[in-house]
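**Q** First the structure, then my questions, so here it is.
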Amino acid sequence: MKKIISLLALLSIFSISVFAQETEASPLETTEEQPSEKSEKSEKSDFSDEEKSINEKIKAKRSEVPVDFIISMAPALIINTGNHENSAVSPIVYPFSFGVKFFKNNTINFEPRLSFYAGYYLWVDDAAYPAEIENRTATVFSFLLDLPVIYKKQLSKRQFLEFGFGPSANFRIAILSNGVSSSDAGTTGSAGSDTDEIRSYMWDNFNWLFVNTSVSYTIKLSEKLRLGPECRFYIPCGQLFSGNGFNSGIVTLGLKAVF
């Protein structure tokens with residue numbers, strides 16, 4: 001019996017000593033693992049900072065608009081070389097123009113622009129000419145599309161000089177004017193048939209095709225706005241081909257805003 005009690009006592013002492021050794025060793029193990037945990041945390045932190053930097057760059061690129069917008073307010077003179085006894089003296093219209101400037105940071109830009117205006121026309125001498133309001137037959141709505149290439153020269157930190165050249169297409173829609181009846185007298189027999197002739201004339205013999213040239217001087221008023229005078233001249237290709245010179249040519253002079 002004494003031997004059994006002595007054996008149990010020895011086993012108890014041995015187990016207590018083993019447990020004590022394990023508990024003493026465990027803090028060392030945790031301390032050994034701490035540096036690796038810190039390195040993992042620093043790596044995660046570095047990765048998250050790099051990810052944030054990439055996201056910020058992406059957002060900055062998305063927020064940057066690669067184009068400028070253009071608004072032009074310029075009265076336009078429509079050149080009329082016809083007989084002024086029957087037609088109007090070269091009328092002045094007031095187009096509203098809106099455009100976009102591509103490759104804005106380059107010396108060479110592409111600047112499509114659309115202008116809208118309207119005027120009165122009549123049919124005389126086998127051609128459509130601008131008309132005074134009392135002699136009107138048709139109202140013509142014009143959508144002038146410009147596709148010029150622009151050369152931009154920076155004169156100083158705030159001053160810019162631009163020269164443009166390119167094709168233009170004048171999409172014109174003719175309808176019978178308000179207050180005019182299709183049965184009213186006309187050169188071809190009635191106002192209705194005159195309007196048909198005017199409508200066809202606008203599209204025949206490349207009368208819709210122009211070549212535009214322009215020059216503008218703008219001053220940078222802020223980081224997002226340039227403003228200054230602009231002059232544009234439209235050469236009527238169809239009229240030149242038909243031997244009518246610069247009839248239907250267009251000259252504009254006004255303000256150009258780039259933002």
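The values are calculated or read from the model by the stated rules, or taken from the named source; none is laboratory data. As the structure is a computational prediction, the values presented were derived from the model and not from experiment. Cβ: placed from backbone, ideal geometry, glycine included. Neighbour counts: every protein chain shown. These area figures cover heavy atoms from the full protein model, side chains too; ligands, DNA and RNA do not enter into them. Shrake-Rupley method; radii C 1.70, N 1.55, O 1.52, S 1.80 Å.
**Q** Could you please give the count of residues in segment 101-127 that are among the aromatic types (Phe, Trp, Tyr) and outside any strand (DSSP E or B)?
**A** Selection size over segment 101-127: 1.
**Q** Right, another one. Out of the residues in segment 148-182 that are open to solvent by 70 Å² or more (accessible area, probe 1.4 Å) and of a type in the set (A, V, I, L, M, F, W, C), which is nearest to Pro229 (Cα to Cα)?
**A** Within segment 148-182, the match that is nearest to Pro229 (Cα to Cα) is Phe163.
**Q** For Gly228, work out the one condition from (1) surrounded by fewer than 19 Cβ atoms within 10 Å (Cβ to Cβ); (2) out of contact with any Lys or Arg (no Cβ under 7 Å at 6 or more places or on another chain) it doesn't fulfil.
**A** For Gly228, the failing item is (2).
**Q** I'd like to check something: does segment 128-136 contain any residue that is in a strand (DSSP E or B) and open to solvent by 20 Å² or more (accessible area, probe 1.4 Å)?
**A** yes
**Q** Residues Glu111, Glu51, Glu56: which one is among the acidic types (Asp, Glu) and at pLDDT 95 or above?
**A** None of the others qualify; the one that does is Glu111.
**Q** Restricting to segment 205-220, and then to whatever is free of Cβ contacts under 8 Å to residues at least 40 places away in the same chain and surrounded by 14 or more Cβ atoms within 10 Å (Cβ to Cβ), can you tell me which residue is farthest from Lys101 (Cα to Cα)?
**A** Phe206
**Q** Still on this model: Would you mind telling me which numbered condition in (1) surrounded by fewer than 18 Cβ atoms within 10 Å (Cβ to Cβ); (2) free of Cβ contacts under 8 Å to residues at least 40 places away in the same chain Asn244 fails?
**A** The failed condition is (2).
**Q** Further, regarding this structure: Confirm whether Ala76 is more than 17 Å from Pro236 (Cβ to Cβ), more than 20 Å from the chain's Cα centre (by Cα) and open to solvent by less than 20 Å² (accessible area, probe 1.4 Å).
**A** no
**Q** Do we have any residue at all in segment 192-202 that's outside any strand (DSSP E or B), open to solvent by less than 70 Å² (accessible area, probe 1.4 Å), among the charged types (D, E, K, R) and in contact (Cβ under 8 Å) with a residue 12 or more places away in the chain?
**A** Yes, the conditions are met somewhere in segment 192-202.
The rows are residues; the columns are (1) of a type outside the set (S, T, N, Q); (2) open to solvent by less than 20 Å² (accessible area, probe 1.4 Å).
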| residue | (1), (2) |
| --- | --- |
| Thr81 | no, no |
| His84 | yes, no |
| Val100 | yes, no |
| Thr107 | no, no |
| Phe110 | yes, no |
| Arg113 | yes, yes |
| Gly119 | yes, no |
| Leu122 | yes, yes |
